[in-house]
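Right, one structure below, let's go through it.
The values are calculated or read from the model by the stated rules, or taken from the named source; none is laboratory data. Because the structure is predicted, anything quoted here is derived from the model rather than measured. Note: ideal-geometry Cβ built from the backbone for every residue, glycine included; neighbour counts use all protein chains shown.
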Amino acid sequence: MSQIIKAGLVGVTGYTGMELARLMTHHSSMELVRATSRSEAGKTLADIYPFLHRLPLGDLVITQPDPVDLANECDVVFLAVPHKTAMEIASALLDEGVKVVDLSADFRINDKATYEEWYEVEHTRSELLSEAVYGLPELYLDEIMGARLIANPGCYPTSSILGLAPALGAGIIETDNIVIDAKSGTSGAGRGAKVGTLFCEVADSFKAYSLPRHRHTPEIEQEISKIAGTDMTVSFNTHLLPIDRGILSTIYTKLTADTSVEEVHAMYTEFYADKPFVRVLPQGQLPETRFVRGTVFCDINVVVDPRTGRLVILSAIDNLCRGASGQALMNANLICGLDVDEGIPMAPMMP
């Protein structure tokens, strides 16, 4: 039997930490040996997450975040902490030879000035930006496998970039006037109590937020610009759905020439043929958030409107699993030499 990889999780009390703990109960080659929280230290995981009672991880005692202890005990560490906090912890762990998967935004943006403009904090470890690999396996598999620092993509960017990549790569859509209309479940806002995400504020309602400057915009523009080979600006618009989890992105683009839906569908199918976690649905079947719930699948389909010359791309993911913790586990698997799908649930939670 191969040696078990020891993992640490900094920031276990948020939704992404909770989801990662759920996923780690299924992993046969990686063991969570450290889970940290300043507010819940001394409790067990089962104390704060009753769903872990009588499961192997339930008895794990939560500790204070200590980079020295994490470095001594862990081969890889997940950072599920807010931006600005992650950069310092990541640097300390890397100095001790520990591999890091950062779920914050601290290493996603390649340019220091752009990061500081959108996140309004100083980036104190900008020397690591050129080393960090953007953790989207469908686009950067080889780079991820050789990395020691992964910038785990944001949830909205994952859905948007995967939706746009085939069309931009083939040059069948114009690179300007792209509109991304994205909707997320309330877990995307985090687990902290806020009036705007209380049940009575969200139920039976639907609203836009963070218009016209959502922090995920530069991340999306950075990555799709690389695919297209030219600088791109998109209109990125976010909405809050009265559901727990899931993202549906409807992306409006302009075709460069008359192209049938059959041609575009075949192009998408071929692009993702060897990428098992992106499912291009049969023609006429549109993505729904319930069919990716609790998985790392991204479901995609396309619609061509010949009257307007538009290609409409629809992309659905689970914001907590594919958009955060599940994708982080995929990346950890890859940088630790495991199969990408180890510990990853394949069937959605239905209903």
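Values as computed for the structure displayed
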{"read-out": "Pair list, Cβ < 9 Å and 6+ apart or interchain, from the range 255-278 residues that are within 22 Å of residue 176 (Cα to Cα) to residues that are at pLDDT below 95 and part of a loop (DSSP other than H, G, I, E, B)", "value": "none"}
{"read-out": "Those residues of the range 214-236 which are assigned to a loop (DSSP other than H, G, I, E, B) and among the small types (Gly, Ala, Ser), in sequence order", "value": "229"}
{"read-out": "In the range 214-254, the residues that are among the charged types (D, E, K, R) and free of Cβ contacts under 8 Å to residues at least 12 places away in the same chain", "value": "226, 231"}
{"read-out": "Residues being more than 16 Å from residue 55 (Cβ to Cβ) and crowded, with 24+ Cβ neighbours inside 10 Å - total across the range 18-33", "value": "0"}
{"read-out": "For residue 172: the one exception among (1) within 25 Å of residue 280 (Cβ to Cβ); (2) β-branched (Val, Ile, Thr); (3) crowded, with 22+ Cβ neighbours inside 10 Å", "value": "(3)"}
{"read-out": "Residue in the range 57-96 that is surrounded by the most Cβ atoms within 10 Å (Cβ to Cβ), counting only those that are within 14 Å of residue 35 (Cβ to Cβ) and small (Gly, Ala, Ser)", "value": "80"}
{"read-out": "The range 177-209, subset in a helix (DSSP H, G or I) and hydrophobic (A, V, I, L, M, F, W, C), residue modelled with the lowest pLDDT", "value": "189"}
{"read-out": "Scope the range 305-324; condition of a type outside the set (Asp, Glu) and assigned to a strand (DSSP E or B); matching residues", "value": "310, 311, 312, 313, 314, 315, 316, 317"}
{"read-out": "Filter pass, residue 305 being under 25 Å from residue 245 (Cα atoms), of a type in the set (Asp, Glu) and without any contact (Cβ under 8 Å) to a residue 24 or more places away in the chain", "value": "no"}
{"read-out": "Count - residues of the range 60-115 that are touching a residue at least 60 places away in the same chain (Cβ under 8 Å), in a strand (DSSP E or B) and among the acidic types (Asp, Glu)", "value": "0"}
{"read-out": "Of all residues making up the range 243-298, the number that are assigned to a loop (DSSP other than H, G, I, E, B), among the β-branched types (Val, Ile, Thr) and crowded, with 20+ Cβ neighbours inside 10 Å", "value": "3"}
{"read-out": "One residue from 187, 160 being in contact (Cβ under 8 Å) with a residue 60 or more places away in the chain, out of contact with any strand residue (DSSP E or B) (no Cβ under 9 Å at 6 or more places or on another chain), of a type outside the set (D, E, K, R) and surrounded by 17 or more Cβ atoms within 10 Å (Cβ to Cβ)", "value": "187"}
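This table checks each residue for (1) in the same structural domain as residue 222 (by TED's automatic domain parsing); (2) in contact with a His (Cβ under 8 Å, 6 or more places away or on another chain); (3) basic (Lys, Arg); (4) farther than 18 Å from residue 20 by Cβ.
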site: 94; (1), (2), (3), (4): no, no, no, yes
site: 111; (1), (2), (3), (4): no, no, no, yes
site: 116; (1), (2), (3), (4): no, yes, no, yes
site: 137; (1), (2), (3), (4): no, no, no, no
site: 141; (1), (2), (3), (4): no, no, no, yes
site: 144; (1), (2), (3), (4): no, no, no, no
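Each row is one residue, and each column tells you yes or no for (1) in contact with an Asp or Glu (Cβ under 7 Å, 6 or more places away or on another chain); (2) more than 14 Å from residue 156 (Cα to Cα).
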| site | (1), (2) |
| --- | --- |
| 204 | no, yes |
| 212 | no, yes |
| 220 | no, no |
| 225 | yes, yes |
| 250 | yes, no |
| 257 | no, yes |
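For every residue, the table says whether it meets (1) within 17 Å of the chain's Cα centre (by Cα); (2) of a type in the set (Val, Ile, Thr); (3) assigned by TED's automatic domain parsing to the domain that holds residue 199.
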position	(1), (2), (3)
252	no, no, yes
269	no, yes, yes
272	no, no, yes
279	yes, no, yes
283	no, no, yes
298	yes, no, yes
301	no, no, yes
308	no, yes, yes
312	no, yes, yes
